[in-house]
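Peer 1: My structure is below; once you've seen it, I'll send some questions.
None of the figures in this text is laboratory data; all of them are computed from the coordinates on show. Just so it is clear, the model here is predicted, and its values are computed rather than measured. Don't worry about glycine lacking a Cβ; one is built from the backbone with ideal geometry, like all the others, and counts go over all protein chains shown.
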Amino acid sequence: MNYNSNKIMEIKDTYCVYKTLREMLQDRGYKITNIFSFEEFNVMYEENNYDIIDDENKIYAMFYKDSKTFGKKDLETIVSKIHAEYGENINIIIILKDKYNVIIEKELSNEYYQNVEIFLFKNLTFNITKHVDMPKFYPMTEEEIKEITDKYKTKKTQFPRMLLTDPIARYYGVKSGGMFRIVRKSPASGNYITYRMVR
């Protein structure tokens, strides 16, 4: 394959996003066993075949490959096509190179799209959870939330809050009402733990 420098850079950028996306899905608990090298991805890119589906068909992550602006009709077509093949309970992530408009934002608030997320390339260029200064975030189960609220004899709404749009909340796919256990390193006292509720 003979590519010019711009094409090579485009493939490398897409591969970086692909790797972060795969790591994100694994961090969310999805089983992803197909791991491809850059050379293998190069072939997949040429064949326009680098979407990710987990081993149990619970989530489908697709790259929007069209050069035209992503619109409402595109959203409808993609979601209905995936639903037809995998069922309406599958979670869907759509990766866009360019920013989408407020119409799409409004559509995503509809119940029909409750299992659909959109990420931009720039959100997945690198894995924010692996930054050296980033504390460790652990999404909590309902049992863990109950345990901690019982321990402190408080409601989860009284814990410090994290916005639903926060990059970490989006990375882990935690919905409103969910909570994180956050482990920070302190040179003086070792690790210390805090909690935040997503709203």
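Peer 1: Where is the GNM fluctuation largest for the chain (alpha-carbon springs, 10 angstrom cutoff): L163, L124, L25?
Peer 2: Result: L163 has the largest fluctuation of those listed.
Peer 1: Turning to a different aspect of this structure: If the label point is 7 Å along Cα→Cβ of K175, which residues in segment 103-121 have backbone nitrogen under 14 Å from it?
Peer 2: The answer is 109-117.
Peer 1: Report the residue, chosen from D51, D13, D133, that carries the largest GNM mean-square fluctuation when the chain is represented by alpha-carbon nodes joined by springs under 10 Å.
Peer 2: D133
Peer 1: Residue farthest toward the positive end of the dipole of segment 5-126, with Cβ of Lys/Arg at +1 and Asp/Glu at -1: which of N49, I95, N115?
Peer 2: I95
Peer 1: So for each of 78-85, 141-148 I average, over its residues, the number of other beta carbons within 10 Å; can you give me the resulting order with the highest mean first?
Peer 2: Values: 78-85: 14.8, 141-148: 12.8.
Going by the mean number of other Cβ atoms within 10 Å, highest first, we get 78-85, 141-148.
Peer 1: Just one of [x] 1.15; [y] 1.09; [z] 0.96 is Cα Rg over 2.2 N^0.38 Å calculated from these coordinates, so which is it?
Peer 2: The value matching this structure is [x].
Peer 1: Taking the Cα centre of the chain as the origin, how large is its charge dipole in debye, to the nearest 20, when only Lys and Arg (+1) and Asp and Glu (-1) carry charge on their Cβ atoms?
Peer 2: On the way: 31 positive and 29 negative charges, 238 e Å.
In debye, rounded to 20, the chain gives about 1140.
Peer 1: By how many degrees, 0 to 90 and rounded to 10, does the Cα axis of helix 142-152 deviate from the longest principal axis of the chain?
Peer 2: 30 degrees
Peer 1: For the chain, give me the percentage of DSSP beta bridges that are antiparallel, rounded to the nearest 5 percent.
Peer 2: Working: 14 of 26 bridges.
Roughly 55 percent of the DSSP beta bridges within the chain come out antiparallel.
Peer 1: Of the listed pairs K65/K175; K31/K151; K72/K122, which have alpha-carbon separations greater than 24 Å here? Don't skip to the end; give the middle numbers.
Peer 2: Working: K65/K175 28 Å; K31/K151 33 Å; K72/K122 21 Å.
Violating the 24 Å Cα-Cα cut-off are K65/K175; K31/K151.
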